[in-house]
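Novice: Dumping the structure here so I can ask a few things about it.
The values are calculated or read from the model by the stated rules, or taken from the named source; none is laboratory data. What you see is a predicted model, and the numbers here were worked out from it, not measured in a lab. Positions of Cβ are backbone-derived with ideal geometry, glycine not excepted, and every protein chain shown enters the neighbour counts. The accessibility values were calculated without ligands, DNA or RNA, using every heavy atom of the protein model including side chains. Shrake-Rupley method; radii C 1.70, N 1.55, O 1.52, S 1.80 Å.
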Amino acid sequence: MTVRGTGVVGGYAYAPAAWTRPAYVPPATASHVAEDARPAEVERFKAAADAVASRFTERASAATGVATEVLGATAALARDRGWIRAATKLINGGEQAEQATAKAIDQFVVQFEKVGGLMAERTTDLKDIRDRVVAELMGLPEPGVPKPTSPVVLCAQDLAPADTAGLDPTMIKALVTRFGGPTSHTAIIARQLGIPCIVAASDLESVVEGAPILVDGTSGIITLSPDPAQAQELVEQDAALREEIRGWAGPAQTADGVHVQLLANVSDGAAARKASASPAEGVGLYRTELSFLTAQTEPSVAEQAAIYSEVFSAFPGQKVVVRTLDAGSDKPVPFANHEEEENPALGVRGIRLGWKNPGLVERQLDAIAQAAEDNGVEKPWVMAPMVATVDEAFEFAQKCRERDLTPGIMVEVPAVGIMPDAFLKEVELLLDRHQRPDARTRWRQTG
């Protein structure tokens with residue numbers, strides 16, 4: 001018998017199935033909270049939400065690579081003012097904190113599912129936050145992944161960042177979920193771990209705890225009770241192929257021999273040093289914000305330069321592209337003074353952080369220039385994130401050239417020619433709010 005899903009990380013795995021621990025459900029009926037007890041109930045709720053968010057932040061600090069970014073984004077979502085405001089309103093109306101948490105987040109889950117696509121895949125993160133906050137309020141341990149003592153295939157309805165980011169690939173041989181998609185956090189972290197992964201396996205509940213299963217992450221097929229000898233042979237063949245891939249030493253080139261520059265994405269010096277041991281010829285994207293997700297105060301120019309130097313020194317004489325802080329929305333940096341906005345994804349984030357933090361961009365560029373000088377790097381590459389206007393690009397390029405840096409930008413908005421009027425209006429309001437009439441005029445002329 002087989003179960004089919006969507007294969008998102010290729011490879012074979014053969015081991016007993018192990019299911020995640022279910023989430024705790026708050027009591028269906030709860031007593032009405034008296035008016036004089038509501039302030040204390042609100043504080044109890046906020047303390048639980050903060051405890052869950054803090055654990056995400058701690059895990060982000062201890063993780064590496066993409067797991068750091070994923071967990072940091074989930075920590076920000078756990079502190080999101082929108083759902084916390086909705087839950088607080090319910091508590092002030094007499095709901096107990098457990099029920100208010102579930103109802104508030106479920107409202108956003110419904111909204112995200114209606115939007116569909118990438119937003120629908122983020123509902124797993126919201127549900128995970130809901131379940132952990134409810135468990136905290138009930139005084140129970142967090143739901144999630146078991147700690148196996150022998151290899152297993154992990155099965156779940158869906159997996160959240162906190163579940164997948166800390167997985168041990170020597171024990172968890174593959175991931176299989178009933179829900180999720182190719183861009184879900186389960187798929188992203190499975191790729192980093194290098195283990196087979198299948199999502200959207202709708203009949204997965206037919207797999208029972210402890211049953212031996214064969215996972216084919218390429219075809220998306222899960223075979224129940226396969227022939228042990230055949231399953232083991234497929235796993236061994238897959239392991240040999242992986243070993244051959246790990247032994248590849250480059251150079252990167254097309255089938256007809258044209259060289260392709262292979263560059264790594266890194267989050268810190270440790271990731272850069274690991275990448276330098278691979279065939280990577282440099283760094284294509286150094287995400288500097290991941291070094292500061294828990295920093296309460298802005299590091300000095302000298303402190304930043306020391307951090308950036310770790311990445312430059314890992315690739316002496318080679319290309320390193322440093323991205324300035326891509327902070328805001330789902331990746332807030334504590335010292336960057338993020339304001340509350342109706343639509344933070346299009347608001348003051350990335351390059352626009354300089355509007356509310358005078359000198360922030362300049363100090364980071366000074367630190368990058370100092371780190372480059374300390375490591376003998378001529379004209380290092382620097383990239384600005386979330387650039388939406390010509391003025392932003394021009395101002396950033398000018399600041400880079402003043403410091404003998406090579407400027408670049410990430411244009412992360414819809415193509416101007418197909419922008420809906422609502423988006424054009426959103427940018428105009430943003431520029432008006434920050435008293436930039438010249439930029440507004442040029443933006444309207446361009447749009």
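Novice: Given a 1.4 angstrom probe, I'd like the percentage of the accessible area of the chain that is carbon and sulfur, rounded to a whole number. Present the calculation step by step, with values, prior to reporting the outcome.
Specialist: Details: 11500 of 21320 Å².
In the chain, the share of accessible area belonging to carbon and sulfur is 54 percent.
Novice: Can you work out ³J(HN,Hα) from phi for every residue in region 303-315, in order, using Karplus 6.51 cos²θ - 1.76 cosθ + 1.60 and θ = phi - 60°, giving whole Hz and x for Gly and Pro?
Specialist: My calculation for region 303-315 gives 5, 5, 4, 5, 5, 5, 4, 4, 6, 4, 5, 6, 10 Hz in order.
Novice: When the chain is fully extended, how far beyond the present Cα-Cα distance does ARG363 get from SER206, taking 0.36 nm per residue of separation? Numbers along the way, then the final one.
Specialist: On the way: separation 157, 0.36 × 157 = 56.52 nm, distance 5.70 nm.
Additional length available on full extension: 50.8 nm.
Novice: Alpha carbon centre of region 18-32 versus region 170-241: separation in Å?
Specialist: 28 Å
Novice: Return the label of the correct value of Cα extents along the principal axes in Å, as calculated from the structure shown, out of [x] 65, 61, 41; [y] 71, 65, 42; [z] 79, 48, 42.
Specialist: [y]
Novice: Set Lys and Arg Cβ to +1 and Asp and Glu Cβ to -1, take the dipole of the chain about its Cα centre, and tell me which of ASN337, HIS32, ALA53 lies farthest positive.
Specialist: In the chain, that residue is ASN337.
Novice: Among ALA97, THR20, ALA87, which residue has its Cα positioned farthest towards the positive end of the charge dipole of the chain, with +1 placed on the Cβ of Lys and Arg, -1 on the Cβ of Asp and Glu, and the dipole taken about the Cα centre?
Specialist: ALA87
Novice: Please state the equivalent ellipsoid semi-axes for region 353-412: what are the square roots of 5 times the Cα gyration tensor eigenvalues, largest first, in whole Å? Walk me through the numbers before you get to the answer.
Specialist: Details: eigenvalues 82, 34, 16 Å².
They are 20, 13, 9 Å, listed largest first.
Novice: Another one. Could you do me a favour and compute the accessible area per residue for region 190-257, 1.4 Å probe, result in Å²?
Specialist: 57 Å²
Novice: Moving to a separate point now. Might you tell me the accessible area per residue for region 1-158, computed with a 1.4 Å probe and given in Å²? Don't skip to the answer; put the middle values down first.
Specialist: Working: 7400 Å² over 158 residues.
With the other protein chains kept in place, region 1-158 gives 47 Å² per residue.
Novice: So how do GLU136, GLU233, GLU281 rank on accessible area, 1.4 Å probe, biggest first, that is with the largest at the start? Walk me through the numbers on the way to the answer.
Specialist: On the way: GLU136 70, GLU233 100, GLU281 50 Å².
Descending order: GLU233, GLU136, GLU281.
Novice: Using amide H atoms built 1.01 Å from N in the peptide plane, name the residues 5+ places from THR6, or on other chains, whose amide H lies under 5 Å from its own.
Specialist: Those qualifying (amide H under 5 Å, at least 5 residues apart or on another chain) are VAL199, ALA200, ALA201.
Novice: 5 Å is the cut-off here: which amide hydrogens, built 1.01 Å from N in the peptide plane, fall below it relative to GLY144, excluding neighbours closer than 5 in sequence?
Specialist: Counting only residues 5 or more places away or on other chains, the set is ARG21.
Novice: A further question follows. Place +1 on the Cβ of every Lys and Arg and -1 on the Cβ of every Asp and Glu in region 120-204, take the dipole about the Cα centre, and give the residue among PRO143, LEU175, ILE195 whose Cα lies farthest towards its positive end.
Specialist: With unit charges placed on the Cβ atoms, the residue in question is ILE195.
Novice: At a threshold of 8 angstrom on Cα-Cα distance, excluding pairs fewer than six apart, so keeping six or more, what relative contact order does region 84-164 reach in percent?
Specialist: Details: 56 pairs, mean separation 19.3, N = 81.
The normalised contact order for region 84-164 reaches 24 percent.
Novice: Another question, if that's okay. With a/c under 1.5 counting as rounded, go ahead and sort region 146-270 into rounded, prolate or oblate using the C-alpha gyration tensor (a ≥ b ≥ c being the square roots of the eigenvalues; past the cut-off, prolate if a/b is larger than b/c, else oblate).
Specialist: On the way: a/c = 1.98, a/b = 1.48, b/c = 1.34.
Taking the square roots of the gyration eigenvalues as a ≥ b ≥ c, region 146-270 is prolate.
Novice: How large is the dipole of region 1-97 about the Cα centre if only Lys and Arg carry +1 and Asp and Glu carry -1, each at its Cβ, rounded to the nearest 20 debye? Can you show the working numbers first?
Specialist: Working: 11 positive and 9 negative charges, 56 e Å.
Charge dipole, region 1-97, about its Cα centre: 280 debye, nearest 20.
Novice: OK, next. Only Lys, Arg, Asp and Glu count, each charged at its Cβ (+1, +1, -1, -1), so figure out the dipole size of the chain about its Cα centre, rounded to 20 debye.
Specialist: That gives a dipole near 360 debye.
Novice: Compare LEU325, LEU140 by solvent-accessible area with a 1.4 Å probe and give them largest first, with all protein chains kept in place. Could the numbers behind the result be given before it?
Specialist: Numbers: LEU325 15, LEU140 70 Å².
Greatest to least solvent exposure: LEU140, LEU325.
Novice: Each residue of region 395-404 in order: what ³J(HN,Hα) in whole Hz does its phi give by Karplus 6.51 cos²θ - 1.76 cosθ + 1.60, θ = phi - 60°, with x for Gly and Pro?
Specialist: These are the phi-based 3J(HN,Hα) values: 5, 5, 4, 5, 5, 5, 5, 4, 10, 6 Hz.
Novice: Further question: Please tell me which of these pairs span more than 26 angstrom C-alpha to C-alpha: LYS46/LYS103; LYS274/LYS319; LYS114/LYS173? Intermediate results must be reported in sequence, preceding the final value.
Specialist: On the way: LYS46/LYS103 15 Å; LYS274/LYS319 16 Å; LYS114/LYS173 34 Å.
The answer is LYS114/LYS173.
Novice: Rank-order 257-267, 374-384 by packing density, defined as the average count of other C-beta atoms within 10 Å over each peptide's residues, highest first.
Specialist: On the way: 257-267: 15.8, 374-384: 18.7.
Ranked from most to least packed, the peptides come out as 374-384, 257-267.
Novice: Could you give me the ³J(HN,Hα) list for region 167-174, computed from phi with Karplus coefficients 6.51, -1.76, 1.60 and θ = phi - 60°, whole Hz, x at Gly and Pro?
Specialist: Result, rounded to whole Hz: 5, 9, x, 6, 9, 9, 7, 6.
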